[in-house]
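Comments concern the structure below.
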There are 2 protein chains.
Amino acid sequence: MANPPTSASATTGVRAAARAAYFVSDSTGITAETLGSALLANFPGVTFRRHTIPFVDTAGGARDVVADIQRAADGGAAPIVFATVKSDLIMQELALSGAVVIDLLGGHLRELEAALGSTASEQLGQFHGVGDLERYFARMRAVEYAIEHDDGQSMRALDMADVIIIAPSRCGKTPTTMYLALQYGLLVANYPLTDDDFPADGLPSAVARYVDKCFGLTTTPLRLSQVRHERRPSSTYSSLAQCTLELRRAEDLYRRNRVPFLNSSTKSVEEMSAVIMQSMRLRS
Amino acid sequence: MANPPTSASATTGVRAAARAAYFVSDSTGITAETLGSALLANFPGVTFRRHTIPFVDTAGGARDVVADIQRAADGGAAPIVFATVKSDLIMQELALSGAVVIDLLGGHLRELEAALGSTASEQLGQFHGVGDLERYFARMRAVEYAIEHDDGQSMRALDMADVIIIAPSRCGKTPTTMYLALQYGLLVANYPLTDDDFPADGLPSAVARYVDKCFGLTTTPLRLSQVRHERRPSSTYSSLAQCTLELRRAEDLYRRNRVPFLNSSTKSVEEMSAVIMQSMRLRS
């Protein structure tokens, strides 16, 4: 075993070096990476070198990973391994690496077995498997719908939309739309609020009849100006004055028409999607 | 406490009723839902009624959830709660519900504290927080790039692409492209292989010079025919003969040009994305 205990790093002079963190999975590694990263975020004082290794589903594959981990340790602090691996045999191989192995799956499976009074099935877990064909179709359709209805490009089939996201340019409509489509298979259209839409008090005529499906986005003028500056530097479009005006008008419009809305400036695409789904009662 | 022990369900005649499962989070609930669903998938004999409750970040919010859980239990088997909640106070509230609470976070944080020899920071975990603005920009740019370069619509800026996905129509190019863009901020273009592209031996001229960035998709003729039938029933386009021909030609093209490729028929969008990233060495 080439791996000394954790404390050895203090004496080898590599204390400031980044700690190796592995996300190892018998499937895509997405869950290991997401939960593992969330856990690591609680230690802002430590720097990590991250490696995701998906599809580790044989003992031979596990031995390759172990060799990799041992090279990464290289006499320094023991690497951290976040594992979503169902096979006991593979977990045993990983334990031989000398790394700190955090099992994101096995312990919870035992808890569930106790709660449900039944034994987990023997197959490898299908975390992100293809599932049923119907769900796959729904997702494909949703992504295509989102592309077709991005940025007010098409007004066709708006009556099918689960949500219509409205906002001035660059408030985060497009990525939020795509996330809702891909992650949840929802039909999401989005429509830009431009200067043309503001003389009247009501919603733009294209979406007015679907007011119950509308959800508004806003942001801070400074943030909007920064984001627009990325696209068109030093333009009226990206000026703080123009951004301030458009956001104020958009928020007035939302309030007048009782359209629920959200400030996107401090929120990730995932957070905005979760708020929209909760607000529009799109999930239980 | 209204909740009897699990075994009571056997005597109340609701044994066959669905068991309530809650995904409770102080953030979006995405991690709780993903890992919780993966764990539940190991018990195919049990039916679950699922509820995701995001943004539970106050004791008052937790008490509302507890009331909800107790209503769901209604004298039957104890609900299962998967929690990604950092606050001990909120976890204590949830424990009062009488449900089986599976803590996806706390135990692993203690393991990490021991391994790193330091204490987790006190702030609420930012699972899916906005992170740095740079990463947000990268993701927005990637989604816009993907929309612009979907289905060979634009050949502009292909030299910037991290990957160009090529395949006959309906093999899964578009959702895979969007997933890679949204989840990883990669610049992904996709290009359809049509009959016009097959007389020659080489790749279509539009993408030939980027052969090192190309990744091919294929599927089974039957699956392709099913998927195409969804769009254009009883057409030549969706006929088994046409699908068989196009897939054979596409696979020949991949092999002749040493383009790595993948059969999408049994793979989810997440799995395909993970394979593509591994194959193109787009993550460490």
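For peptide A:43-53, the mean count of partner chain Cβ atoms within 10 Å of a residue's Cβ comes to 3. Label points for A:Thr119 are taken 7 Å from Cα along Cα→Cβ. From this copy to the others they lie 4.4 nm apart, shortest first. The Cα atoms of the protein assembly as shown give a gyration tensor whose axes a ≥ b ≥ c have a/c under 1.5, which makes the shape rounded. Farthest toward the positive end of the dipole of chain A, out of A:Leu39, A:Ala114, A:Phe23, is the Cα of A:Leu39, where the dipole comes from beta carbon charges about the Cα centre. Between copies, the label points at B:Arg209 (set 7 angstrom from Cα along Cα-to-Cβ) are spaced 4.9 nm, reported in nanometres from shortest to longest. Within the range A:138-207, the trypsin sites (Lys or Arg not before Pro) that combine a DSSP coil assignment with at most 16 other C-beta atoms in a 10 angstrom radius are A:Arg156.
Remark: the protein assembly as shown carries 42 Å² of accessible area per residue (probe radius 1.4 Å; ligands, DNA and RNA excluded). When chains A and B come together, the accessible area they lose, probed at 1.4 Å and totalled over both chains, is close to 7500 Å². Per-residue SASA remark: A:Asp64, around 110 Å² accessible (1.4 Å probe; ligands, DNA and RNA not included). Each residue was assigned an accessible area with a 1.4 Å probe, and for B:Val275 the value is about 30 Å². Each Cα pair under 8 Å and six or more residues apart adds its sequence gap; the mean of these over the residue count of chain A is a relative contact order of 14 percent.
Computed with every protein chain present, the accessible area of B:Thr244 is close to 60 Å² [probe 1.4 Å]. Taking 25 Å as the limit for the C-alpha separation, the pairs A:Lys213/B:Lys267; A:Lys173/A:Lys213; B:Lys173/B:Lys213; A:Lys213/A:Lys267 exceed it in the case of A:Lys213/B:Lys267. What the phi angles of the range B:189-195 give under the Karplus curve with 6.51, -1.76 and 1.60, with θ = phi - 60°, is a coupling list of 9, 9, 9, x, 8, 10, 3 Hz, glycine and proline written as x.
In nanometres and ascending order, the distances from the B:Gly60 label point to those of the other copies are 6.0 (point 7 Å from Cα along Cα→Cβ).
Summing Cβ point charges (Lys, Arg +1; Asp, Glu -1) relative to the Cα centre of chain B gives a dipole of roughly 880 debye. Could you give log10 I(q)/I(0) at q = 0.18 Å⁻¹ for the range B:133-279, computed by the Debye formula over C-alpha point scatterers of equal weight, without solvent? Cα-only, vacuum Debye calculation for the range B:133-279: -1.03.
Helix content alone sets the calculated 222 nm mean residue ellipticity of the protein assembly as shown: runs of n ≥ 4 DSSP H residues at -39500 (n - 2.57) each, divided across all residues, give -13000 deg cm²/dmol. Mean partner shielding of peptide B:263-269, defined as the number of other chain Cβ atoms within 10 Å of each residue Cβ, is 4. Charge tally around B:Phe215: other residues with Cβ under 15 Å, Lys/Arg +1 each, Asp/Glu -1 each, net +3. Note on the range A:8-116: Cα-Cα pairs beyond 23 Å make up 28% of the total pair count.
Taking amide H as placed 1.01 Å from N in the peptide plane, the amide H of B:Ile166 sits under 5 Å from that of B:Tyr191, B:Phe215, B:Gly216, B:Leu217, each at least 5 places away or on another chain. Close amide-amide hydrogen proximity is noted between B:Val101 and B:Val81, each under 5 Å apart and 5 or more residues distant or on a separate chain (H modeled in the peptide plane; Pro and chain starts excluded). Distances between placed amide hydrogens fall under 5 Å for B:Arg49 paired with B:Arg19, B:Ala20, B:Ala21, all partners being 5 or more residues away or on another chain.
The values are calculated or read from the model by the stated rules, or taken from the named source; none is laboratory data. From a predicted model like this one, the values you see are computed outputs, not experimental measurements. Please note: Cβ atoms are built from the backbone with ideal geometry, for glycine as well, and neighbour counts cover all protein chains shown. When the accessible area is computed, the model is the full protein with side chains, heavy atoms only, and any ligands, DNA or RNA have been set aside. Shrake-Rupley method; radii C 1.70, N 1.55, O 1.52, S 1.80 Å.
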